[in-house]
Amino acid sequence: MTNLVVALQAEARPIIETLDLVQDRPAGIFPVYCNGDLSLVVSGIGRIHCAAAVTHLFHRTAQRVDQAWLNIGIAGHQQVPIGSVLLASRITEHASGRSWYPPYVLDVKLLRSPLVTVDKPERCYPDCCAYDMEAAGFYQIACRCSTAELVQSLKIISDNPGSDLDLAVDEISLLIADQMSAIESAVRQLSDLSHVVDTVRVPPDLSSLYLEQWHFTVSQRHRLATLLGRLKVRSGQLPNLPGTSECQDARGVLRWLESKLSALPVNLSVPQGKDAADRDEQQS
Amino acid sequence: MIDTIYVENAVVCHERAVNMIKRFPDAACVTCDRYQEVFNPKAQNFRLQKKKPALILAKKFGATVLPAPKGYGIGGEHNYYFSHMLNCIYDCRYCFLQGMYRSAHYVVFVNYERFFEGMAEKVKTHAGEDVWFFSGYDCDSLALEPVTGFVRELLAWLRRHPRAQVELRTKSTQIRSLFETAPLSNVVIAYSLTPAQTAATFEHKAPSVEKRLAALAELAERGWNVGLRFDPVLYELRYQDLYQRLFEDVFDRVPQNSIHSVTLGPFRMPKSYFRNVTRLYPDEALFAGPFESRDKMISYSKDCEQQMMSFCHDQLLRHTAADKIFTCSPLSRDLAANRVDRNDSVGIHNG
């Protein structure tokens with residue numbers, strides 16, 4: 001599941017069109033658009049709205065942790081030209097002075113810049129940073145729903161010192177539309193990364209057949225899941241279920257599984273290929 | 001290699017930080033107040049960060065030199081460790097760092113003088129005696145040397161402090177900086193070694209065992225003391241075969257008179273770290289091995305550990321003197337001591 005959070009309908013429009021998102025009904029307190037594993041929420045302006053929209057989307061969708069979260073929107077910048085796209089390397093909440101550092105693990109070659117979230121439109125651009133009104137609220141709450149590597153903020157520069165801050169709806173949409181390939185690339189990569197974490201976090205259900213046949217206490221269930229997981233990893237497949245005459249109760253099943261596990265030979269090392277000496281080595 | 005550098009505001013203008021930043025002109029440079037803001041937050045995934053670890057340049061405060069864990073040593077009475085860097089550029093699946101830290105970023109403390117001052121204090125405390133300092137507990141001592149230049153400065157300091165004995169623990173072949181100076185008798189370059197197949201399976205991004213052996217041989221040839229670290233010893237069906245062959249390869253290549261010490265240690269990891277690591281890699285066969293929980297540590301069963309250590313110890317005795325062999329777990333030390341008592345040989349130095 002990948003979750004996109006934007007402030008304005010004008011920012012959302014090109015994304016909705018390109019990614020074929022459809023509005024989710026019935027409408028809640030924030031408009032949500034979906035297509036398969038992809039969801040988008042339109043938060044409205046400001047960090048409070050944005051934080052609330054993240055919470056709304058989390059509860060509206062699968063409520064699963066460690067999903068990808070991407071905040072997309074326009075921002076001002078002291079120096080970076082209008083129309084450029086960047087990823088936030090540091091997000092600072094101007095009101096509190098607190099900062100967060102989204103870990104960069106994507107392979108997209110995007111400019112990265114510190115981003116300051118302000119409560120009123122920034123007209124002075126005092127530092128060489130991007131300025132927006134949502135990212136700090138987005139990041140604080142999205143990091144409660146997911147691991148920080150999967151929470152990123154992508155901004156398209158809409159104004160510099162001296163520019164007009166009152167952009168027309170179509171102008172905002174055009175800025176986003178022009179960077180859809182970068183947006184799609186970031187979405188794709190975040191989605192791939194979230195699959196890595198998801199596969200790790202949600203192990204395949206190996207226990208159900210056992211739970212149907214025997215009664216397990218909560219701690220026995222944990223032990224069962226651990227033993228089955230270890231058997232699966234070590235042997236690649238699980239043994240056939242024991243007969244009820246062989247194992248009369250859950251304790252017997254656990255003993256039976258432990259004996260299966262200890263009977264497995266431990267073969268860890270892969271045979272050394274001829275290229276082992278030249279394998280991918282980290283350079284400093 | 002480095003896409004992001006976080007720099008503490010306090011060291012932005014520090015000469016070493018400036019030089020390190022210059023080495024990565026394409027990296028995004030992000031300032032922060034304290035490195036913990038980046039390194040310590042809860043919502044981080046070590047496995048994902050290992051794909052693109054960042055470099056964090058920081059200033060070390062507080063104690064820099066700490067007492068080594070009980071049982072850690074290679075013959076000295078006073079043992080300490082220090083970490084000028086946190087985390088390692090390699091990705092060894094059995095490493096405890098992935099269970100200890102939330103972040104995979106590399107933290108380098110650029111105020112090296114603090115470490116030298118800390119070591120000098122300990123040397124002063126133990127007047128007239130040798131004091132051992134272990135580097136490479138929380139990082140690889142040499143792997144990032146071309147970037148940090150820490151060892152180069154450490155060697156200059158050690159030349160002036162002959163009672164300070166240092167072990168540099170590594171898997172790296174970055175040994176050029178060592179050759180810029182004459183060998184120091186108070187330095188041991190210690191290589192971690194596992195059978196080639198084990199290394200190929202678990203020591204991701206690390207130089208092959210063959211390359212490490214070549215580096216060891218070159219260091220020995222140039223007069224450096226070297227250490228051999230068979231730690232962790234991992235159990236598998238063919239472990240006897242694998243370790244027997246490894247020992248033969250190593251002692252064929254490394255001349256006896258250069259070997260300062262040999263250490264043996266079974267796989268062991270604090271329970272909480274092991275739980276974190278298995279969460280990161282639930283599909284890793286290594287962690288589904290025949291382990292048990294003892295004294296807040298995850299390790300092999302006593303029988304299994306005893307068998308492995310006995311076998312490896314016996315094999316090592318075929319190649320080197322007993323007084324060069326040290327073991328790294330309480331159980332194994334007792335075993336080794338008992339074996340030596342029985343054999344009436346020179347006492348094993350329990351680390």
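The values are calculated or read from the model by the stated rules, or taken from the named source; none is laboratory data. Bear in mind the structure is a predicted one, so any value in this text is a computation, not a measurement. With ideal geometry, Cβ positions are generated from the backbone for all residues, glycine too; neighbour counts draw on all protein chains shown.
Among the listed residues B:K70, B:K42, B:K51, identify the single one that is more than 14 Å from chain A (Cβ to nearest Cβ) and either basic (K, R) or out of contact with any Ser or Thr (no Cβ under 9 Å at 6 or more places or on another chain) (or both). Before you say what the answer is, go through the steps one by one.
Details: B:K42 fails: more than 14 Å from chain A (Cβ to nearest Cβ); B:K51 fails: more than 14 Å from chain A (Cβ to nearest Cβ).
One residue alone meets the criteria, B:K70.
Out of the residues in region B:169-186 that are within 23 Å of B:N87 (Cβ to Cβ) and of a type outside the set (G, A, S), which is farthest from the chain's Cα centre (by Cα)?
Restricting attention to region B:169-186, the residues satisfying the condition of being within 23 Å of B:N87 (Cβ to Cβ) are B:169-178.
Now narrow it down to the ones that are of a type outside the set (G, A, S): B:169-171, B:173-176, B:178.
Values: B:R169: 4, B:T170: 6, B:K171: 8, B:T173: 14, B:Q174: 15, B:I175: 15, B:R176: 19, B:L178: 17 Å.
My answer is B:R176.
Quick one: in region B:200-240, of everything that is assigned to a strand (DSSP E or B) and within 13 Å of chain A (Cβ to nearest Cβ), which residue is farthest from B:V166 (Cα to Cα)? Break it down stepwise before answering.
Kept after step one, since they are assigned to a strand (DSSP E or B), are these residues of region B:200-240: B:203-204, B:225-233.
With within 13 Å of chain A (Cβ to nearest Cβ) added as a condition, the list becomes B:203-204, B:232-233.
Values: B:E203: 25, B:H204: 27, B:P232: 21, B:V233: 23 Å.
Filtering region B:200-240 for residues that are assigned to a strand (DSSP E or B) and within 13 Å of chain A (Cβ to nearest Cβ), the one farthest from B:V166 (Cα to Cα) comes out as B:H204.
Does region A:188-204 contain at least one residue that is farther than 30 Å from B:T278 by Cα, among the aliphatic types (A, V, I, L, M) and at pLDDT 95 or above? Before the answer, list the steps.
Applying the first criterion (farther than 30 Å from B:T278 by Cα) to region A:188-204 yields none.
The answer is no; no qualifying residue exists.
For B:P41, all conditions in the list (1) farther than 28 Å from B:R268 by Cβ; (2) touching a residue at least 12 places away in the same chain (Cβ under 8 Å); (3) out of contact with any helix residue (DSSP H, G or I) (no Cβ under 9 Å at 6 or more places or on another chain); (4) surrounded by fewer than 21 Cβ atoms within 10 Å (Cβ to Cβ) hold save one; what is the number of the exception?
(3)
Considering every residue within region B:242-252, establish whether at least one is in a loop (DSSP other than H, G, I, E, B), more than 14 Å from chain A (Cβ to nearest Cβ) and among the hydrophobic types (A, V, I, L, M, F, W, C). Spell out how you get there, then give the answer.
Narrowing region B:242-252 to residues in a loop (DSSP other than H, G, I, E, B): none.
Within region B:242-252, none of the residues are in a loop (DSSP other than H, G, I, E, B), more than 14 Å from chain A (Cβ to nearest Cβ) and among the hydrophobic types (A, V, I, L, M, F, W, C).
Looking at (1) surrounded by fewer than 23 Cβ atoms within 10 Å (Cβ to Cβ); (2) over 25 Å from B:M1 (Cα atoms); (3) touching a helix residue (DSSP H, G or I) at 6+ places or on another chain (Cβ under 8 Å), can you tell me which one B:F82 breaks?
Of everything listed in (1) surrounded by fewer than 23 Cβ atoms within 10 Å (Cβ to Cβ); (2) over 25 Å from B:M1 (Cα atoms); (3) touching a helix residue (DSSP H, G or I) at 6+ places or on another chain (Cβ under 8 Å), B:F82 misses just condition (1).
Give A:A136, A:A168, A:A177 a once-over and let me know the one that is small (G, A, S) and within 13 Å of A:L70 (Cα to Cα). Walk me through how you get there before you give the answer.
Working: A:A168 fails: within 13 Å of A:L70 (Cα to Cα); A:A177 fails: within 13 Å of A:L70 (Cα to Cα).
Within the list A:A136, A:A168, A:A177, the selection yields A:A136.
If a residue counts only when it is within 11 Å of chain B (Cβ to nearest Cβ) and touching a residue at least 24 places away in the same chain (Cβ under 8 Å), which helices (runs of 4 or more DSSP H) contained entirely in region A:175-261 have at least 3 such residues?
Values: elements: A:180-201, A:208-213, A:218-235.
Fully inside region A:175-261 and qualifying: A:180-201, A:218-235.
Within 11 Å of chain A (Cβ to nearest Cβ) and either among the hydroxyl-bearing types (S, T, Y) or touching a residue at least 40 places away in the same chain (Cβ under 8 Å) (or both): does that describe B:T31?
On the way: within 11 Å of chain A (Cβ to nearest Cβ): yes; either among the hydroxyl-bearing types (S, T, Y) or touching a residue at least 40 places away in the same chain (Cβ under 8 Å) (or both): yes.
Yes.
Would you check which residues across region A:123-153 are more than 12 Å from chain B (Cβ to nearest Cβ), surrounded by fewer than 24 Cβ atoms within 10 Å (Cβ to Cβ) and out of contact with any Pro (no Cβ under 9 Å at 6 or more places or on another chain) and list them?
Of everything in region A:123-153, just one residue is more than 12 Å from chain B (Cβ to nearest Cβ), surrounded by fewer than 24 Cβ atoms within 10 Å (Cβ to Cβ) and out of contact with any Pro (no Cβ under 9 Å at 6 or more places or on another chain), namely A:P126.
Go through region B:253-264 and give me each residue that's surrounded by fewer than 21 Cβ atoms within 10 Å (Cβ to Cβ) and either out of contact with any helix residue (DSSP H, G or I) (no Cβ under 6 Å at 6 or more places or on another chain) or in a helix (DSSP H, G or I) (or both). Spell out the reasoning first.
We begin by selecting, within region B:253-264, every residue surrounded by fewer than 21 Cβ atoms within 10 Å (Cβ to Cβ); these are B:253, B:255-258, B:260.
Residues satisfying the conditions are B:R253, B:Q256, B:N257, B:S258, B:H260.
Mind checking whether some residue in region B:32-43 is more than 22 Å from the chain's Cα centre (by Cα) and modelled with pLDDT under 95?
Among the residues of region B:32-43, at least one is more than 22 Å from the chain's Cα centre (by Cα) and modelled with pLDDT under 95, which makes the answer yes.
Give the number of residues within region B:132-164 that are hydroxyl-bearing (S, T, Y) and assigned to a loop (DSSP other than H, G, I, E, B).
To start, the set of residues in region B:132-164 that are hydroxyl-bearing (S, T, Y) comprises B:135, B:137, B:141, B:148.
If we keep only those that are assigned to a loop (DSSP other than H, G, I, E, B) too, we end up with B:137, B:141.
Residues flagged as hydroxyl-bearing (S, T, Y) and assigned to a loop (DSSP other than H, G, I, E, B) within region B:132-164 amount to 2.
Name the residues in region B:295-314 that are surrounded by fewer than 17 Cβ atoms within 10 Å (Cβ to Cβ) and of a type outside the set (A, V, I, L, M, F, W, C), would you?
B:D295, B:K296, B:S301, B:K302, B:D303, B:Q306, B:Q307, B:S310, B:D314
Restricting to region B:63-108, what's the tally of residues that are over 21 Å from B:D231 (Cα atoms) and either part of a strand (DSSP E or B) or free of Cβ contacts under 8 Å to residues at least 24 places away in the same chain (or both)?
Qualifying residue count for the region: 5.
Which one of the conditions (1) of a type outside the set (V, I, T); (2) in contact with a Ser or Thr (Cβ under 6 Å, 6 or more places away or on another chain); (3) more than 14 Å from chain A (Cβ to nearest Cβ) does B:K171 fail to meet, given that it meets all the rest?
Here B:K171 meets the rest and fails (3).
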